[in-house]
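Read-outs throughout are calculated quantities, based only on the coordinates presented, and are distinct from any laboratory measurement. Just so we're clear, the structure is a prediction, and the values are computed from it rather than from any experiment. When we count neighbours, we look across all protein chains shown, and the Cβ atoms used for this are built from the backbone with ideal geometry, even at glycine.
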Amino acid sequence: MNIFVCVSQVPDTATRIKPAADGKTIDKTDVNFILNPYDEIAVEQALRVKEAHGGEVTVISVGDDTVLNTIRKAIAMGADKAVHIKTQEEVDGISAARAVAEILKTANPDLVFTGKESVDSNSGQFATFLAALLDINVINVAVKFDLTGSHIRAEREIEGGKEVVETSLPAVVSCQKGLNEPRLPTLKGIMASKTKKPEEVAFSGGASWTAITELVKPPAKPAGKIVGADVSAVTALVDLLHNEAKVI
Amino acid sequence: MSSLLIVAEHRNGKLKKSSFEAISKGASVAKDLGLTAHVLLVGGNEVAGLTAEAANYGVSSILTVTDPKLSAYANRAFATAVSEVAKAKSATVILLSATALGRELGAFVSVKLDASLASDCTELHSAGGNLKVIRPVYTGKALSTVELKQPVKVITLRPNAFPAVSSPSSPSVEAVSVTFSDKDFACKVVDTITASGKLDVAEAEIVVSGGRSLGSAENFKILEDLAAVLGGAVGASRAAVDSGYRSHEDQVGQTGKVISPKLYIACGISGAIQHLAGMSSSKVIVAINKDKEAPIFQIADYGIVADLFEIVPALTEELKKRSH
Ligand SMILES: Cc1cc2nc3c(=O)[nH]c(=O)nc-3n(C[C@H](O)[C@H](O)[C@H](O)COP(=O)(O)OP(=O)(O)OC[C@H]3O[C@@H](n4cnc5c(N)ncnc54)[C@H](O)[C@@H]3O)c2cc1C
């Protein structure tokens, strides 16, 4: 089984986001970058498929040299090798997807795993972009994944429930929390992550189709009201929700 | 004549509320940009029964793509249907709801039509004929204005972020025929599992959420009761989900759902930055927490500093009393 996992790096979820001086990007000073939490689930799923069906897991990431940390984390979890598509520029989702699809076209993967979204851009579009560019199947927001031969039966999260989806290889699968519990890196993995050098590939993703022209903090909310400190506050609260906020 | 296409979504023979929101917004954007607005319905025979309802929100041109094989969702086939209709109608703006289905189709259609995509937008301005798209990034910790550079633009709208304005009209219905290949049906939904009648936190107008402090799955019953009188849904913090009190689909926050309900009631939730990321864009926030220093009070419009096990049942009773 030829398995790929797309990973990206994102600011640690505890980060307080500050717009940078250019007004378009974030101030990266003191920001700690981590492997996107959903991509961790994707790496885990790739490793589980390999353990059950044999094969090889390749991690792939787009970005400047700072993504090497993220790649190392995935290798430390157990991935066999890595491809680093190198670019200094900020590229948008479609352009990154084109660059990855370019590699995958020749690599002919059976399965490609991604996170359901990255917690920086929150677009949730990457898996579908890849599948559409490669003209293969895609399952988004998977919370259950079973592979028998080349047949996939998966469950994906939708509003208020789940859909059971059936398809066949090759396919792209975007992973949601609940699919698995990602393993911690092993000592052997950590050693491997120090010696295994990713294959470096030049970026060929073409033009971005979107650009962020402004990035601001959401408007601050005016200070709220403490309505009370015991049960007697309940009536006042209902009055406020009714007459002032007008939401009930 | 260029057009604006709104893809409406339906489940169990009914259009979704988020689709009414998209249609309303689409109608006003089309007017500002001088485009003809069409609503597109894709599906099996059930589609015929939806056209009247679809025309109630300001757009009277309804297009349908029907095929018995489309009665179950097949992502590639639906994407083909939307793209083919968009081409036939020279659509330059395509709107969908940022639901599981809408986000997936939006990305497909963007590739098929060489179109720019902005997903999960919370603001869309079109005054003066220029489109301005705003979407939250870093899970709500920042707002970005996105330039869509391609001539064709695909935009998905966050449920509850836009009002559905009723404006009934008599629909003109046009069936568009689309040719599908076998590949279009290579990935399909074979079954849907719904928690019976459960309202999703991402779609509910009112959400009552509980944290670790609830202490057990059974204790969430008091939140269920409150949500029931309000007609809302029950959400949870990650700590509550990780403790096994609620399932992950109810989680609100950076690694759960990002929601903008009309009213969010946080019960025994501290207000960690990852939780705030998921709900700070709620219109009105109520916090019930016994610690007056809890960060949740910093973004709450109304707070009660007290034990939730006393306040929540009392609140439910008060609301019940008033509904009579
Ligand atoms: C990568 C990552 C992703 C994360 N993603 C999310 C996410 O998506 N969503 C999320 O919610 N969290 C997320 N978190 C976790 C987050 O950091 C917090 O740990 C979590 O939100 C805390 O949940 P809580 O408020 O229920 O619990 P606590 O922080 O333990 O707070 C409990 C609160 O209940 C109050 N309380 C206790 N008893 C009562 C009572 N009887 N009556 C009234 N108040 C009472 C306490 O005063 C306290 O404020 C994430 C963390 C990480 C590292």
Exercise for review: Return the FRET efficiency for the residue pair A:N69, A:A107: r is the Cβ-Cβ distance, R0 is 30 Å, and the value is rounded to the nearest 0.05.
Suggested key: 0.80
Review point. Can you run phi through the Karplus equation (6.51, -1.76, 1.60; θ = phi - 60°) for the range B:205-216 and list ³J(HN,Hα) in whole Hz, with x for Gly and Pro?
Key: 7, 10, 10, 10, 10, x, x, 3, 5, 5, x, 6
Review point. For the residue pair B:D307 and A:K246, what label-to-label distance in nm results when each label sits 7 Å from Cα along the Cα-to-beta-carbon direction?
Key: 3.8
**Study point:** Kirkwood Rh in Å, taken over all unlike Cα pairs in the range A:1-153
**Key:** 16.0
Exercise for review: Please list, or write none, the lysines whose alpha carbon is within less than 19 Å of the alpha carbon of A:K177, excluding same-chain residues fewer than 8 places away.
Suggested key: A:K73, A:K116, A:K144, A:K162, B:K257
Check your understanding: When all C-alpha to C-alpha distances in chain B are sorted into bins of 10 Å, what percent of pairs does each bin hold, rounded to whole numbers?
Key -> 6, 25, 29, 23, 13, 3, 0
Practice item. Could you point to the residue in A:L104, A:P219, A:V67 farthest towards the positive end of chain A's charge dipole, with +1 and -1 charges on the Cβ of Lys/Arg and Asp/Glu respectively? Key: A:V67
Review point. How large, in Å, is the range B:106-192 by the Kirkwood hydrodynamic radius built from its alpha-carbon pairs?
Key: 16.3
Exercise for review: Would you calculate the volume per residue, in Å³, of the smallest convex hull containing every Cα atom of the range B:3-185?
Suggested key: 107
Exercise for review: Report the calculated FRET efficiency for A:K225 and B:S323 (r = Cβ-Cβ distance, R0 = 22 Å), to the nearest 0.05.
Suggested key: 0.35
Review point. Tell me, Kirkwood radius of the protein assembly as shown from alpha-carbon pair distances, in Å?
Key: 24.4
Review point. Amide H neighbours of B:T64 under 5 Å, counting only residues 5+ apart in sequence or on other chains, H built in-plane at 1.01 Å?
Key: B:L41, B:E174, B:A175, B:V176
Review point. If amide H atoms are built 1.01 Å from N in the plane of the peptide, which residues on other chains or at least 5 residues away come under 5 Å of the amide H of A:I34?
Key: A:V10, A:D12
Study note, to complete from the structure: Any aspartates and glutamates whose Cα falls less than 12 Å from that of A:K24, other than same-chain ones fewer than 8 residues away, would be A:E90, A:E214, B:E147
Point to revise | Distance between the range B:34-106 and the range B:220-289 - C-alpha centres, whole angstrom | key: 32
Point to revise | Integer Hz, Karplus 6.51/-1.76/1.60 couplings in order for the range A:62-73, x for Gly and Pro | key: 10, x, 7, 5, 5, 6, 4, 4, 5, 4, 4, 4
Exercise for review: Could you bin all the Cα-Cα distances of the range B:273-324 into 5 Å bins starting at 0 and give me the percent of pairs in each, rounded to whole numbers?
Suggested key: 4, 19, 23, 21, 19, 9, 4, 1
Review point. If you count, for each residue, the other Cβ atoms within 10 Å and average over each peptide, how do B:180-188, A:163-171 line up from highest to lowest?
Key: A:163-171, B:180-188
Check your understanding: In nanometres, what is the gap between the two model label sites at A:T195 and A:D12, each 7 Å from Cα along Cα-to-Cβ?
Key -> 3.0
Check your understanding: To the nearest 20 debye, what is the magnitude of the charge dipole of the range A:44-97 about its Cα centre, counting +1 on the Cβ of each Lys and Arg and -1 on the Cβ of each Asp and Glu?
Key -> 280
Practice item. Kindly rank A:52-65, B:159-172, B:200-213 from highest to lowest mean number of other beta carbons found within 10 Å of each residue. Key: B:200-213, A:52-65, B:159-172
Review point. Which helices pass in chain B if a helix is a full DSSP H run, must span at least 15 angstrom along its long axis by Cα, and must have mean Kyte-Doolittle hydropathy not below -1.0?
Key: B:17-33, B:75-88, B:100-112, B:308-322
Review point. Put a dot 7 Å past each Cα toward the Cβ at B:K198 and A:A202; how far apart are the dots in nm?
Key: 5.2
Exercise for review: Can you put A:M191, B:M279 in order of Cβ neighbours within 10 angstrom, beginning with the fewest?
Suggested key: A:M191, B:M279
**Study point:** Average beta-carbon neighbours from other chains, 10 Å sphere, peptide A:234-241
**Key:** 6
Check your understanding: Taking 0.36 nm per intervening residue step and subtracting the Cα-Cα distance, what contour gain separates B:S28 from B:S243 on full extension?
Key -> 72.9 nm
Practice item. Normalise the Debye intensity by I(0) for the range A:61-128, one equal point scatterer per Cα, no solvent, then take log10 at q = 0.14 Å⁻¹ and round to two decimals. Key: -0.45
Point to revise | Extreme residue, positive dipole direction of the protein assembly as shown, given options A:A233, B:G128, B:V47 (C-beta unit charges) | key: B:G128
Practice item. Apply 1/(1 + (r/R0)^6) to the Cβ-Cβ distance of A:E51 and B:V165, taking R0 = 56 Å, and write down the FRET efficiency to the nearest 0.05. Key: 0.55
Point to revise | Charged-residue dipole, Cβ positions (Lys, Arg, Asp, Glu), the range B:3-185 about Cα centre, Debye nearest 20 | key: 380
**Study point:** Residue of B:V229, B:V173, B:V133 that the Gaussian network model of chain B assigns the largest fluctuation, springs spanning Cα pairs under 10 Å
**Key:** B:V229
Revision key, fill the gap. Toy charge model, Lys and Arg Cβ at +1, Asp and Glu Cβ at -1: the protein assembly as shown dipole around Cα centroid in debye, rounded to 20, equals 320
